[in-house]
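Bear in mind these aren't lab numbers, they're just calculated from the coordinates by the rules spelled out. The structure displayed is predicted, hence computed values, not measured ones. A quick note on method: Cβ atoms are made from the backbone with ideal geometry, for glycine too, and the neighbour counts reach across all protein chains shown.
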Amino acid sequence: MKKHIIVIMNIVLVMLVLGAVVFAVMKVMGNKEEPVPTEAPTMAPATFDEPTSAPEKLYKIGIVQNGVGNASKACYEGFISELNERGVIANLDIVYIVEEDKEQCKEKIKMLVNDGCDLLYTVGRYATETAAEITKDIPIIFGAVNSPDEIGIVESNEAPGGNVTGVSSFTPCFEQIDLIKLLLPDTKSIAAIYTATDADALSQAIVAEKEAEAIGMTCSKYQIDSEPTLTKTLSKIKDEGIEVIYIPVDLYLSGHMGMITEFSYENNIPVVCGDEVTLNMGAFATSEVNYKSIGSVAAGMAYDVLFNEKSTATLSVIYKHDCNNLVNKQVADKLGIKIPSKAMEQIQLVEPPTEAPKKDPEAGDSGSE
């Protein structure tokens with residue numbers, strides 16, 4: 001009996017040893033499949049597939065101006081500032097040329113064309129006309145050209161039809177009429193007077209008439225050819241109860257502002273005019289071209305051509321843009337005009353100097369004449 005017990009105990013012992021061996025073998029095999037890390041794992045850098053599309057294109061823009069005054073400089077500054085605001089400066093290789101000599105300016109435009117510019121921004125009439133003669137393929141956006149349709153660089157302002165379009169610096173008649181509504185919101189009737197032989201003044205009067213009607217006012221046009229005609233017209237304006245006189249940029253009428261302002265003050269009829277020179281002669285208010293705004297709007301057009309694939313042939317010439325609204329404080333006080341509070345943020349009250357400032361020679365076509 002005792003012998004049997006010993007045998008059984010030996011068998012159990014053997015089985016325990018075998019079990020321990022099997023467990024050890026399995027543990028080793030398991031550790032090979034899932035090794036225990038000795039330190040924290042390092043994160044490998046993320047990898048991405050190569051982009052299937054090409055990187056954004058670098059466009060070359062040539063900026064050319066023939067004038068060197070403040071108006072031309074503002075057209076350039078507004079252009080660059082707007083492109084920077086749109087976040088595309090890094091996509092542009094910009095070559096900026098300022099050249100007073102017209103022949104040298106022409107040669108430098110040719111150089112830009114031959115270097116493969118994707119777009120030209122031309123400031124003023126000469127640079128624009130010259131670029132339009134040199135290339136019919138490269139898009140040209142201009143700033144500060146008065147009447148592009150009349151000088152033939154576009155087929156029409158609404159549909160330029162070729163490789164040229166841009167922003168006009170034509171006297172801001174639209175804005176000057178809008179200014180009447182801003183400053184004198186109850187106005188219903190306007191008289192636009194102009195010299196019969198002044199084609200530009202007639203054009204401004206026509207624009208004024210259309211804009212007045214568009215914003216709910218009537219505008220009667222009166223041609224002037226002499227002092228007696230002017231006297232008769234002013235008398236008629238009074239008799240018809242017209243509330244505001246509008247004078248475009250008109251050399252003859254500027255020379256007779258003494259007569260006009262005397263009538264204005266006596267009859268309490270404010271005069272809104274076409275420029276700051278006439279404002280300082282006794283008119284009530286005007287809107288002046290903001291050349292930096294011209295550059296900004298032109299940059300928006302350039303952006304559309306380069307990045308939105310729009311065509312210069314169908315991008316209408318822009319006439320209406322931001323202006324500097326000026327109000328002659330002395331005249332406002334004299335006429336007893338109270339400026340509406342909502343208008344105060346949109347105007348600048350000015351005290352006319354003892355001597356009227358000379359007209360900026362670059363106003364209009366940016367010194368290109």
FRET efficiency for Glu133 and Ala196, using Cβ-Cβ distance with R0 set to 41 Å, rounded to 0.05 | 0.75
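Just rank Val123, Val327, Val88, Val164, fewest to most, by other beta-carbon atoms within 10 angstrom.
By the 10 Å Cβ count, ascending, the order reads Val88, Val327, Val164, Val123.
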Chain lengthening between Asn70 and Lys102 when straightened (0.36 nm per residue, less Cα-Cα) | 9.7 nm
Would you calculate the separation in nanometres between label points at Ser220 and Phe307, each defined as 7 Å from the Cα along the Cα-to-beta-carbon direction?
-> 5.1
Length gained, Lys320-Lys334, 0.36 nm per residue minus C-alpha separation, equals 1.9 nm
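Tally Lys and Arg at +1 and Asp and Glu at -1 over the other residues with C-beta under 10 Å from the C-beta of Ile153: what net charge comes out?
Values: positive: Arg125; negative: Glu129, Glu133, Asp149, Glu150, Glu155.
Overall, the nearby charge balance is -4.
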Taking 0.36 nm per residue of separation and subtracting the Cα-Cα distance, what length does fully extending Val95 through Leu251 add?
-> 52.3 nm
